[in-house]
Amino acid sequence: MYRKLFFLTSFLLVLALAGTNTLFGAVVWEGRISSQDDDVEEQLPAGNMYNTSSDLEMPYEGTGKSTPQIIGMRFVEVKIPKGANVVNAYVEFTVDELKGGTEPVSLLVEGELSPNAAAFTTAANNVSSRTKTTATTVWTVVNWTTVGQKDKTPDLTSIIREIINQNGW
């Protein structure tokens, strides 16, 4: 059975699993957001949902810091056994537009504490109202100054472990 993972800020999720392949000593799982329905922006404080964007802006929509938002990303068909020993996990993003790119930004990455994350809806606060993991990671983003630049989050292992160790995973 496949499960779904959900990240509150968080296109490419890579998990390295130790001890699941005796030949190589590790297995890598890579997954992408495969449907526009699996990523969303929630504009704050009203909680309006925006699920038709071609990209994800973090942490503000537009320029001038006028519209703060959180994003949600849902990964489907995550083939990780319950209780697997995850040794490294991150989400990798590719810069698609520049809006200055030189202001310091810190983002809080959390997971949804669910063994099978529900699809996003247009209901108000559909990201912020979900139950979150106690594990979190702070991501101090590098300056995004070049279109095509890739950047990945710090290690998200503690968040992934909390999700895959739940009953029902």
Practice item. For residues that are within 21 Å of S35 (Cα to Cα), of a type in the set (V, I, T) and outside any strand (DSSP E or B), tally how many sit in the stretch 58-91. Key: 1
Practice item. Return the total of residues in the stretch 92-129 being assigned to a loop (DSSP other than H, G, I, E, B), of a type in the set (A, V, I, L, M, F, W, C) and within 13 Å of M58 (Cα to Cα). Key: 2
Revision key, fill the gap. Among residues of the stretch 1-57 being aromatic (F, W, Y) and modelled with pLDDT of 80 or more, the residue most open to solvent (accessible area, probe 1.4 Å) is Y50
Exercise for review: Could you grab me the full set of residues in the stretch 130-152 that are over 14 Å from E112 (Cα atoms), of a type outside the set (F, W, Y) and either touching a Leu at 6+ places or on another chain (Cβ under 6 Å) or at pLDDT 95 or above (or both)?
Suggested key: V138
Review point. Does N167 satisfy being in contact with a Gly (Cβ under 6 Å, 6 or more places away or on another chain), over 16 Å from G31 (Cβ atoms) and not aliphatic (A, V, I, L, M)?
Key: no
Study note, to complete from the structure: Going through the stretch 121-159 in order, the residues found to be open to solvent by 70 Å² or more (accessible area, probe 1.4 Å) and within 21 Å of V28 (Cβ to Cβ) are K150, K152, D155
**Study point:** Failed criterion for M73 (all others in (1) closer than 21 Å to E162 by Cα; (2) open to solvent by less than 20 Å² (accessible area, probe 1.4 Å); (3) at pLDDT below 90 hold)
**Key:** (3)
Revision key, fill the gap. A careful count of residues in the stretch 120-169 that are among the small types (G, A, S) and over 21 Å from V78 (Cα atoms) gives 5
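The values are calculated or read from the model by the stated rules, or taken from the named source; none is laboratory data. Keep in mind the model is a prediction, meaning the values are calculated, not measured. Positions of Cβ are generated from backbone atoms using ideal geometry, with glycine treated the same way; all protein chains shown enter the neighbour counts. The protein model used for the area step is the full one, side chains on, heavy atoms only, and it has no ligands, DNA or RNA in it. Shrake-Rupley method; radii C 1.70, N 1.55, O 1.52, S 1.80 Å.
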